[in-house]
Amino acid sequence: MKSLHSAYEPQFEPPPSMKSKWLMEVQTCFWLSLPLATAQVLQAATGFVDTVMMGMLGSQAIAAGGLGAMVFGGLLLAGAAIVAAVSPMVAEAYGAGMKGRITAVVQQGLIWAIALGIPLTLLLRHMESILYGLGQSPDLIPMMVVYLKAVSWGMIPGLLVVVLRSFVSALSKPRPVMLIVMLGTVINIVANYTLMFGLFGLPRLGMAGIGYASTLSFWGMLLLLIGYILYDRDLQPYPILDGSFRFDVNLSRELIQIGLPLGVLSLVEIGMFTLTSFLVGLLGTVPLAAHRIALQTAALTFMVPMGIGLGTTVQVGQRLGQKDALGMRLAGFAGIGLGGVFMLLMAIAIWLMPQTIVSLYLDVQDPANQEVVALSIRLLMVAAIFQIVDGVQVTATGALRGMQDTRIPMIIGIISYWGIGLTSGYLLGFRFGMGSVGLWLGLAIGLLFAALVLTWRFARASRVRVNP
């Protein structure tokens with residue numbers, strides 16, 4: 001069989017069967033990823049709503065709460081990346097028709113979600129001294145601490161939700177996940193406004209109310225997922241919640257061998273953004289508020305290719321279980337292509353209407369906000385640059401995750417995000433006097449390198465499977 005690479009050469013006309021298979025994989029990837037991408041956007045809407053609510057409390061609140069949300073989100077995503085190893089393992093087992101293995105894998109994931117969630121919760125509740133040690137503004141730290149203590153109770157249910165979502169999605173049932181996340185978003189919005197401003201006779205909690213609202217949202221999604229899994233007939237052959245939990249050393253070792261590099265990769269990537277946020281914090285409240293607005297916007301658009309990456313993981317994993325090497329390769333490239341195209345459209349949108357985007361967060365006509373508005377627009381211009389490569393790198397990671405190839409991507413991530421991204425950002429921002437704009441250019445450079453190398457890694461690894 002000729003390699004897929006030759007299909008892109010002008011003189012080669014692929015046979016109809018190849019065209020049909022390619023079209024099938026693209027369509028499958030699209031319909032599998034669409035609900036997952038929607039779910040990711042809805043999940044990110046929680047952060048968007050939080051940021052808008054923080055803006056109602058003023059620029060200082062949006063700076064402090066935004067940095068607190070970065071800390072919580074970073075730790076949650078790192079833990080989630082580890083237990084999300086359930087997804088490729090279940091997808092492969094589902095493709096191979098191994099029902100017993102599916103149940104055992106999910107149960108190990110639930111055990112590890114609780115084991116990881118406990119220390120992360122404790123860490124969030126004792127962040128004050130760490131924040132002071134990192135040189136953050138003493139005026140902002142008390143507000144950050146209040147938020148982090150309130151949202152810390154959402155860590156364990158948040159990780160359990162990731163495991164159950166991974167299980168349901170890996171069995172090609174992403175639509176219920178989308179609906180449940182939608183309901184969770186509604187819970188967050190209602191609770192946000194109610195607790196922050198003290199409606200219906202409740203105390204006015206301010207920043208703490210935003211944190212408690214997120215916690216309620218995670219618990220709500222967890223209960224809804226459990227109810228769905230117990231109710232759906234297609235999921236009843238997998239008794240993951242029947243109480244017969246047993247720690248399986250071999251399966252746990254396999255899950256950690258796949259998941260730990262994913263957790264490190266996620267922590268490194270989030271760490272690049274978090275440390276950049278801390279560096280921006282050294283520049284003052286105005287740069288930090290502008291940074292939060294631009295970052296929240298970029299994070300919202302990023303959720304779509306992230307959802308596509310999750311769908312790509314499932315599709316590639318199922319093809320792996322079916323021993324369909326060519327289908328696995330086509331599925332991976334379908335996901336990478338869809339992620340890149342979507343982010344190209346988002347980059348164009350950001351370039352065309354930056355002030356409109358900023359107006360979603362702040363009153364752009366208020367003279368008190370002019371510095372933040374002007375800097376936010378400049379940062380959004382840079383964010384538009386790395387939209388495309390950010391979409392490519394996350395979908396390429398999803399394709400590699402589906403192949404259970406996680407160690408080399410971890411090394412690529414460390415080099416890309418910290419060795420190149422943070423270093424170049426620090427040099428441009430502080431040594432060359434470009435401030436927060438320079439720090440954001442560093443992010444773009446790191447993501448570009450990751451996108452190129454991760455895509456090359458998938459192309460090489462999948463070609464070997466097609467032509468052993």
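The values are calculated or read from the model by the stated rules, or taken from the named source; none is laboratory data. For clarity, every value in this text was computed on a predicted model and none was experimentally measured. Positions of Cβ are backbone-derived with ideal geometry, glycine not excepted, and every protein chain shown enters the neighbour counts. Accessible surface is based on the protein model in full, side chains and every heavy atom, while ligands, DNA and RNA are left aside. Shrake-Rupley method; radii C 1.70, N 1.55, O 1.52, S 1.80 Å.
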Distance between modelled label sites at Arg463 and Val186, nm, 7 Å Cα→Cβ extension: 5.0 nm
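Report the extension gain between Ala96 and Asp363 in nm, rounded to one decimal, defined as 0.36 nm multiplied by the number of residues separating them, less their alpha carbon distance. Each step should come with its number before you reach the end.
Values: separation 267, 0.36 × 267 = 96.12 nm, distance 5.50 nm.
Net length gain for the segment: 90.6 nm.
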FRET efficiency for Leu23 and Leu345, using Cβ-Cβ distance with R0 set to 25 Å, rounded to 0.05: 0.70
Accessible area expressed per residue, region 364-434, with surrounding protein chains retained (probe 1.4 Å, Å²): 42 Å²
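May I ask you to give the average projected area over all directions of the convex hull of the Cα atoms of region 176-254, in nm² rounded to one decimal? Working shown, then result.
Details: hull surface 31.3 nm².
Spelled out: convex hull of the Cα atoms, projected over all directions, averaged, 7.8 nm².
For region 324-452, which whole-number percentage of the solvent-accessible area (1.4 Å probe, protein heavy atoms only) is attributable to carbon and sulfur atoms?
Values: 3640 of 5040 Å².
Reported share for carbon and sulfur atoms: 72 percent.
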Leu310, Leu225, reordered so the largest accessible area comes first (probe 1.4 Å): Leu310, Leu225
Exposure rank, largest accessible area first [His291, His126; 1.4 Å]: His126, His291
Lysine pair number, Cα distance threshold 28 Å (strictly under), the chain, separation 8 or more or different chains: 11
Helix-only CD estimate at 222 nm, as mean residue ellipticity for the chain, using -39500 (n - 2.57) per DSSP H run (n ≥ 4): -27000 deg cm²/dmol
Projected label distance in nm at Tyr193 and Gln60, using a 7 Å step from Cα toward the beta-carbon: 2.7 nm
Binned Cα-Cα distance frequencies in region 257-328 - 5 Å width, integer %: 4, 13, 13, 18, 16, 12, 9, 6, 4, 3, 1
Coil-residue chymotrypsin sites (Phe, Trp or Tyr not before Pro) of region 398-453, DSSP, other Cβ within 10 Å capped at 13: Phe432
Percent accessible area from carbon and sulfur atoms, region 83-219, protein chains only, probe 1.4 Å: 71 percent
D (Stokes-Einstein, µm²/s), Kirkwood Cα radius, region 243-389, 1.306 mPa s at 10 °C: 88 µm²/s
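What FRET efficiency, computed as 1/(1 + (r/R0)^6) with R0 = 41 Å and r the Cβ-Cβ distance, is obtained for Leu223 and Trp456, rounded to the nearest 0.05? Present the calculation step by step, with values, prior to reporting the outcome.
Values: r = 43 Å, r/R0 = 1.05.
Plugging the Cβ-Cβ distance into 1/(1 + (r/R0)^6) gives 0.40.
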Size of the chain as Cα extents on the principal axes (Å, biggest first): 65, 56, 35
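If the chain between Leu123 and Ile408 were fully stretched, how many nm would it gain, using 0.36 nm times the residue separation less the Cα-Cα distance?
Working: separation 285, 0.36 × 285 = 102.60 nm, distance 2.89 nm.
The span from Leu123 to Ile408 would gain 99.7 nm if fully extended.
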Gained length - Arg253 relative to Gln355, 0.36 nm times residue gap less alpha-carbon distance: 31.8 nm
Cβ-derived FRET efficiency at R0 45 Å, Gln236 paired with Thr423, nearest 0.05: 0.30
